[in-house]
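To start, the structure itself, in structure tokens.
The values are calculated or read from the model by the stated rules, or taken from the named source; none is laboratory data. Values in this document were obtained by computation on a predicted structure and should not be read as measured data. Cβ placement follows ideal geometry from the backbone for every residue including glycine, while neighbour counts extend to all protein chains displayed.
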Amino acid sequence: MHYLYIIFSTTINKYYVGETANFQDRIIQHNNGFYKNSFTSKAKDWKSELVIEFDNISQARKAESFIKKMNSREFILRLIHEHQWLIDRFKV
């Protein structure tokens, strides 16, 4: 299994989209600044907004790339509440 996730920091008022094999470990890394120069190292209050399980890394990465290409906070907000279509599109 592989996961697409969207997290949010109130400190910097930003969303982050990523993919991982282990979401629980990954969010701990984000909040601990595991990758020192990464975007998420700017905050330590990341909270899960959406986690979608995919069958493999390829599906999760394609969904992640699609969301990032949209480059839209409004799109992410809608996706958090209406995401079944994304699952249907990339779980092939």
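With respect to Lys69, is the statement that it is exposed (fewer than 13 other Cβ atoms within 10 Å of the Cβ), part of a strand (DSSP E or B) and modelled with pLDDT of 95 or more true? No: the conditions fail for Lys69.
Does Tyr16 fit the bill of being within 22 Å of His81 (Cα to Cα) and touching a His at 6+ places or on another chain (Cβ under 9 Å)?
Answer is yes for this residue.
Can you confirm whether Ile27 is surrounded by 14 or more Cβ atoms within 10 Å (Cβ to Cβ), of a type in the set (A, V, I, L, M) and in contact (Cβ under 8 Å) with a residue 24 or more places away in the chain? In short, no.
Tallying residues that are part of a helix (DSSP H, G or I) and within 10 Å of Ile7 (Cβ to Cβ) within segment 19-59 yields 6. Leu50: within 10 Å of the chain's Cα centre (by Cα) and among the aliphatic types (A, V, I, L, M), yes or no? The answer is yes for Leu50.
Please verify whether Leu79 is modelled with pLDDT of 95 or more and touching a Leu at 6+ places or on another chain (Cβ under 7 Å), treating the condition exactly as stated. For Leu79, the condition - modelled with pLDDT of 95 or more and touching a Leu at 6+ places or on another chain (Cβ under 7 Å) - is met. With respect to (1) loosely packed, with under 13 Cβ neighbours inside 10 Å; (2) modelled with pLDDT under 95, the lone exception for Phe34 is condition (1). Just one of (1) surrounded by fewer than 12 Cβ atoms within 10 Å (Cβ to Cβ); (2) among the basic types (Lys, Arg); (3) touching a residue at least 12 places away in the same chain (Cβ under 8 Å) fails for Lys44. It is (1). Taking (1) in contact (Cβ under 8 Å) with a residue 60 or more places away in the chain; (2) part of a helix (DSSP H, G or I) in turn, Leu4 satisfies each apart from (2).
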